[in-house]
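Everything on this sheet refers to the single structure shown next.
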Amino acid sequence: MNADKLTVVMYHYVRDLQNSRYPQIKGCDVRLFKEQIKFL
């Protein structure tokens, strides 16, 4: 791993998309978010 590099990951909208009050807003579903965090 290179000590001169930094990776930043930002999530702006993580919700239960099927039951969201705002379905028109794009976001990351909670299940997918958890999978991605495990990978990181």
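Annotations for the structure displayed:
- Calculated FRET efficiency for the pair LYS5/PHE33, C-beta based, R₀ 25 Å, to 0.05: 0.60
- Highest mean first, the peptides 15-23, 28-36, 3-11 sorted by other C-beta atoms within 10 Å per residue fall in the order 28-36, 15-23, 3-11.
- Rounded to 10°, Cα long-axis angle of helix 30-39 versus longest principal axis of the chain: 10
- Two-decimal Rg to Rh for the chain - Kirkwood Rh, Cα set: 1.14
- Note on the chain: helix-only mean residue ellipticity at 222 nm, from DSSP H runs of 4+ residues weighted -39500 (n - 2.57) and normalised by residue number, equals -7500 deg cm²/dmol.
Since every read-out is calculated from the coordinates, none of them should be taken as a lab result. This one's a predicted model, so the numbers in the text were calculated from it and none came from an experiment. FYI the Cβ positions are ideal-geometry reconstructions off the backbone, even for glycines, and counts take in every protein chain you see.
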